[in-house]
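Encoded as structure tokens, the structure appears first; notes follow it.
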């Protein structure tokens, strides 16, 4: 009888097993059958035959779980057990009772005959190391193996399919000696011995005595198959880390990373310290420009006189010390950009004849903590070696701003603190005069500007007409000037220009004259340079449509006409429709004299002039055709009106108060301020509208002249609005 026939008969008659005693001992009692009947009744299949029900309730022996088995591959899954019991109504432990024979029950065959049982259960259970081969395939392999008894390959394939199903039968067939044997057959035989529990994984001493057909010398591949896997039959190993092993590994990796990071940062810090220490030797006095004298500085006579005292002290300190006087520690120069603060410091160094150290406040700013403070220390250490000397710090506000305590930047003012100590600390800096320059004295820290650090504060103002005359005369000495140049007239026409602006004007005129091929700088060249500074460079290549040129002409004509007929307005310098910079046209105004204060009438006149362009567009083209050309006018007029209300106290309703922060004001006060600003702008709009409507003829004449000549000065504007023709050509 074949193996397949034995299995089929066993499936039909479970009691006729190989070991009748085991089957009797493991048969269920009536209570168990009743429980399974109830379970099947809940599933709606209570009509299952009693024979099938008995097969379902027969315990299985699918796992050899001996008490002395200490295999490392045994894993307990409590959650899986609970899930199995909740799903199927009985514990999976009933499927794993010990059975030395390891004969697999036919319950799997019965399960596969039930259409109501999902195949995933059978596959999931059989997939836990028990590879079930279909009975039909086993029958085919057995027929081939019996027919080809001398074919080792057929024998190996048959035993390989059967070794997991019934290892005892494999052992019995191999030891019968009737069939061919080779390495592959021997491997399956040894695997069956291990699965049946008849030998250990390393016990191969008495195999020849148990099986006379076993070769005298066991093949190496067969012996190796017991302990290690091969390419055809690999051994699968599941690594299970100990609890907490991953955390320990990550902790150790983090610790090593922190150590490496600490070493790298320490190396960087050491390199920076070495560099900062070596920089002290590299700091040397600035000897490139020692030819500057006070005669090279014009327009700031009062500031020069203050600094002359410092120069005399540096030249002859004993002259002042005999009466107990001390050298001033610091001199602070303040003023608008371009007024000559840096030039004054150079003149002091040139006049005194002492070493001059120059640095900028931004040079002390670094991303690394402590670098700025170290540079301050190095600077003053080098200055002490060359005392008496001058240390000039430009843009002092970069490091001398008011200190603010902030938890996110506790080291942001270390540089300032070091500077305070160097200026007036325990270590006195004798013989060192520090000259600081800034455009924002109001933001400097109070501890920095107190007496003892910066004893003298000198304000460098904008040059007046006499100062501009002297500055222009000084710079024009270096260029070839024509006889028609009148410096006094030029000085009157450059009101509001700083010393740097005047130097730029002379240089731009010289460049323009050289580009034109002229032999000297004429008044025309100087006026061109002045227009370029005041109004920006011309954009002659810009292509503008005729309609837009007409709109710009009437817009600029409105500005010019309101400025001409408003008594307190500034005099017109030039009106042009030539694009300059970002503007399509403009009206430039210059005061006749230096304005130290502005009256309310002058400020209202500025508002009226700003409204003239927008009003002109509405009158000529209609409100629906106004353009965005008045955006800059609206911006400037709104700022001026707000300043009149909140800063200058020129509103009767708001009163004589100054409002610097609108957020801290009450809602009522904010509403009142907004209403007053609107009222000022509305009144200026009405005044400009009334004026332009009254002088509509003059407005049209001026606009047509601008379209024809493009640029007009004050005298030419007065001529064209009277209806007369200009003497010059286009």
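Look through region 505-529, keep the residues that are within 13 Å of residue 493 (Cα to Cα) and touching a residue at least 40 places away in the same chain (Cβ under 8 Å), and return whichever of them is nearest to the chain's Cα centre (by Cα).
So the residue we want is 526.
For the structure I just gave you, tell me whether residue 431 is in the same structural domain as residue 392 (by TED's automatic domain parsing) and modelled with pLDDT under 90.
Numbers: in the same structural domain as residue 392 (by TED's automatic domain parsing): yes; modelled with pLDDT under 90: yes.
Yes, satisfied.
Do any helices (runs of 4 or more DSSP H) entirely within region 630-730 hold 2 or more residues that are surrounded by 12 or more Cβ atoms within 10 Å (Cβ to Cβ) and touching a strand residue (DSSP E or B) at 6+ places or on another chain (Cβ under 9 Å), and if so, which? Steps first, answer last, please.
Details: elements: 631-646, 667-694, 696-709, 714-721.
Because the criterion is at least 2 residues that are surrounded by 12 or more Cβ atoms within 10 Å (Cβ to Cβ) and touching a strand residue (DSSP E or B) at 6+ places or on another chain (Cβ under 9 Å), the helices (runs of 4 or more DSSP H) in region 630-730 that meet it are 696-709, 714-721.
Can we say residue 456 is over 38 Å from the mean Cα position of the chain (by Cα), under 29 Å from residue 312 (Cβ atoms) and modelled with pLDDT of 85 or more?
Numbers: over 38 Å from the mean Cα position of the chain (by Cα): yes; under 29 Å from residue 312 (Cβ atoms): yes; modelled with pLDDT of 85 or more: yes.
Judged against the criteria, residue 456 is a match.
Return the total of residues in region 307-345 being outside any helix (DSSP H, G or I) and in contact with a strand residue (DSSP E or B) (Cβ under 7 Å, 6 or more places away or on another chain).
First, the residues of region 307-345 that are outside any helix (DSSP H, G or I): 316, 322-340.
Among the residues that remain, those that are also in contact with a strand residue (DSSP E or B) (Cβ under 7 Å, 6 or more places away or on another chain) are: 327-335.
Residues meeting the conditions: 9.
Could you list, in sequence order, all residues of region 591-629 that are under 27 Å from residue 469 (Cα atoms) and part of a helix (DSSP H, G or I)?
Residue satisfying the conditions is 602 alone.
Of all residues in region 566-590, which are surrounded by 17 or more Cβ atoms within 10 Å (Cβ to Cβ), over 42 Å from the mean Cα position of the chain (by Cα) and not in a strand (DSSP E or B)?
566, 569, 570, 577, 578, 590
Given the residues 354, 391, 348, which is the only one that is within 18 Å of residue 317 (Cβ to Cβ), in contact with a strand residue (DSSP E or B) (Cβ under 7 Å, 6 or more places away or on another chain), modelled with pLDDT of 80 or more and part of a helix (DSSP H, G or I)?
Numbers: 354 fails: part of a helix (DSSP H, G or I); 391 fails: part of a helix (DSSP H, G or I).
So the residue among 354, 391, 348 that is within 18 Å of residue 317 (Cβ to Cβ), in contact with a strand residue (DSSP E or B) (Cβ under 7 Å, 6 or more places away or on another chain), modelled with pLDDT of 80 or more and part of a helix (DSSP H, G or I) is 348.
Please give the helices (runs of 4 or more DSSP H) falling wholly within region 174-268 in which 3 or more residues are modelled with pLDDT of 65 or more and either under 30 Å from residue 142 (Cα atoms) or not assigned by TED's automatic domain parsing to the domain that holds residue 145 (or both). Give the derivation first.
Numbers: elements: 183-196, 207-210, 220-227.
The helices (runs of 4 or more DSSP H) meeting that bar are 183-196.
Quick check on region 401-416: of everything there that is surrounded by fewer than 16 Cβ atoms within 10 Å (Cβ to Cβ) and in contact with a helix residue (DSSP H, G or I) (Cβ under 8 Å, 6 or more places away or on another chain), which residue is modelled with the lowest pLDDT?
Filtering first and then ranking leaves 403.
The values are calculated or read from the model by the stated rules, or taken from the named source; none is laboratory data. Owing to the predicted nature of the structure, the values given are computational and were not obtained by experimental measurement. Using ideal geometry, Cβ is built from the backbone for each residue, glycine included, and neighbour counts are taken over all protein chains shown.
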